[in-house]
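What follows is one structure encoded as structure tokens, with my remarks underneath.
The values are calculated or read from the model by the stated rules, or taken from the named source; none is laboratory data. Treat the numbers as computed from the prediction; the structure is a model and nothing was measured. Using ideal geometry, Cβ is built from the backbone for each residue, glycine included, and neighbour counts are taken over all protein chains shown.
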Amino acid sequence: MSLTAEIAAAAARLIVEDGMEWGPAKRRAAKMVARHSVMPAELPDNALLEQEVRAYLDIFCADTQPAELAALRALALRWMERLAEFQPHLSGAVWSGTATRRNDIWINLFCDDPKSAELTLINRNIPYEVGSTTGFRGQTVDVLSLSCPCPELGETVLLHLTVYDRDDLRGALRRDAQGRTERGDARALRALMESA
């Protein structure tokens, strides 16, 4: 097995078992597996990593993951409906179908005024924390994080709302080499849920 394949397998385990994001999982897996500094070219690409994550889920989580994914998608849809004015789009593992109960929900909001999403949460008395992350175009974007009860899972789930300019929506819906988008709106999410 090549070093890249070993890193991908170890990263897949971290993603599924610990709910890690893909970038940090790749870096931690590289430290666990390699006996030397890993060159960026030796890290698995996202296509290989997704293949390993899906294989891990099929082998170790086939009896629990579909129900957990359905619960997370239902919770995400409720929040997308609550925040419909901001053209919400689901992204991350819950969108791609690789999420388990250990994953957070990531929803992208597209606003004319970046503070309008925050004001909406304040006006609805919804507690949240503000952070930031690197956006899909490499820019720094605000992240509003909140804890949400998920009755279907019987626990609390972290929901992250990344706040983009409304103009960023056009570029956000580009398709990858397999014809897939990295995010989808409520209508697309409902279609995924119905086809599952």
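Cβ-Cβ below 8 Å, separation at least six or inter-chain, first residue in region 149-163 and more than 17 Å from M80 (Cβ to Cβ), second small (G, A, S): which pairs?
Partner pairs satisfying both residue conditions: L153/A71; T156/S147.
Across region 82-91, which residue is farthest from E118 (Cα to Cα) among those that are surrounded by fewer than 22 Cβ atoms within 10 Å (Cβ to Cβ) and in contact with a strand residue (DSSP E or B) (Cβ under 7 Å, 6 or more places away or on another chain)?
Narrowing region 82-91 to residues surrounded by fewer than 22 Cβ atoms within 10 Å (Cβ to Cβ): 82-87, 91.
In the following step, the residues that additionally are in contact with a strand residue (DSSP E or B) (Cβ under 7 Å, 6 or more places away or on another chain) were identified as 83, 86-87, 91.
Details: L83: 11, F86: 11, Q87: 15, S91: 20 Å.
Result: S91.
Please verify whether P66 is touching a residue at least 40 places away in the same chain (Cβ under 8 Å), out of contact with any His (no Cβ under 7 Å at 6 or more places or on another chain) and farther than 24 Å from N108 by Cβ, treating the condition exactly as stated.
Details: touching a residue at least 40 places away in the same chain (Cβ under 8 Å): yes; out of contact with any His (no Cβ under 7 Å at 6 or more places or on another chain): yes; farther than 24 Å from N108 by Cβ: yes.
Yes: the conditions hold for P66.
Pick from region 31-47 the residues that are at pLDDT 90 or above and in a loop (DSSP other than H, G, I, E, B): which of them is farthest from the chain's Cα centre (by Cα)?
This residue is L43.
Can you tell me which residue is nearest to I15 (Cα to Cα) among those in region 109-125 that are surrounded by 14 or more Cβ atoms within 10 Å (Cβ to Cβ) and either β-branched (V, I, T) or in contact with a Phe, Trp or Tyr (Cβ under 6 Å, 6 or more places away or on another chain) (or both)?
Here the residue is L109.
Among the candidates T140, T162, which residue alone is within 26 Å of D45 (Cβ to Cβ) and within 15 Å of the chain's Cα centre (by Cα)?
Within the list T140, T162, the selection yields T162.
Give the residue, chosen from R28, R13, that is touching a residue at least 40 places away in the same chain (Cβ under 8 Å) and either small (G, A, S) or in a helix (DSSP H, G or I) (or both). Break it down into steps so the answer makes sense when it comes.
Details: R28 fails: touching a residue at least 40 places away in the same chain (Cβ under 8 Å).
Selected residue: R13, the only one of R28, R13 that is touching a residue at least 40 places away in the same chain (Cβ under 8 Å) and either small (G, A, S) or in a helix (DSSP H, G or I) (or both).
Could you run through region 113-152 and say how many residues are charged (D, E, K, R) and out of contact with any strand residue (DSSP E or B) (no Cβ under 8 Å at 6 or more places or on another chain)? Give the steps one after another, and end with the answer.
Start the filter on region 113-152 by keeping residues that are charged (D, E, K, R), which leaves 113, 115, 118, 124, 129, 137, 142, 152.
Checking which are out of contact with any strand residue (DSSP E or B) (no Cβ under 8 Å at 6 or more places or on another chain) leaves us with 113, 115, 124, 137, 152.
Total satisfying the criteria: 5.
Criterion first (touching a Ser or Thr at 6+ places or on another chain (Cβ under 7 Å), among the basic types (K, R) and under 17 Å from V16 (Cα atoms)) does R101 satisfy it?
Values: touching a Ser or Thr at 6+ places or on another chain (Cβ under 7 Å): no; among the basic types (K, R): yes; under 17 Å from V16 (Cα atoms): yes.
Considered against the rule, which asks whether it is touching a Ser or Thr at 6+ places or on another chain (Cβ under 7 Å), among the basic types (K, R) and under 17 Å from V16 (Cα atoms), R101 comes out as no.
F136 passes all but one of (1) under 19 Å from M80 (Cα atoms); (2) outside any helix (DSSP H, G or I); (3) in contact (Cβ under 8 Å) with a residue 40 or more places away in the chain; which number fails?
Going through the list (1) under 19 Å from M80 (Cα atoms); (2) outside any helix (DSSP H, G or I); (3) in contact (Cβ under 8 Å) with a residue 40 or more places away in the chain, F136 breaks only (1).
Has region 130-143 got any residue that is in contact with a Gly (Cβ under 7 Å, 6 or more places away or on another chain), at negative phi and not charged (D, E, K, R)? Before the answer, list the steps.
Just the residues of region 130-143 that are in contact with a Gly (Cβ under 7 Å, 6 or more places away or on another chain), to begin with: 137, 141, 143.
Those left that are additionally at negative phi: 137, 141, 143.
Checking the rest, the ones that are also not charged (D, E, K, R) come to 141, 143.
Scanning region 130-143 turns up at least one residue that is in contact with a Gly (Cβ under 7 Å, 6 or more places away or on another chain), at negative phi and not charged (D, E, K, R).
Check G19, G23, G92 and return the single one that is under 21 Å from Y128 (Cβ atoms) and not assigned by TED's automatic domain parsing to the domain that holds V157. Quick ask: steps written out before the conclusion?
Working: G23 fails: under 21 Å from Y128 (Cβ atoms); G92 fails: not assigned by TED's automatic domain parsing to the domain that holds V157.
Step by step, each of G19, G23, G92 is checked, and only G19 is under 21 Å from Y128 (Cβ atoms) and not assigned by TED's automatic domain parsing to the domain that holds V157.
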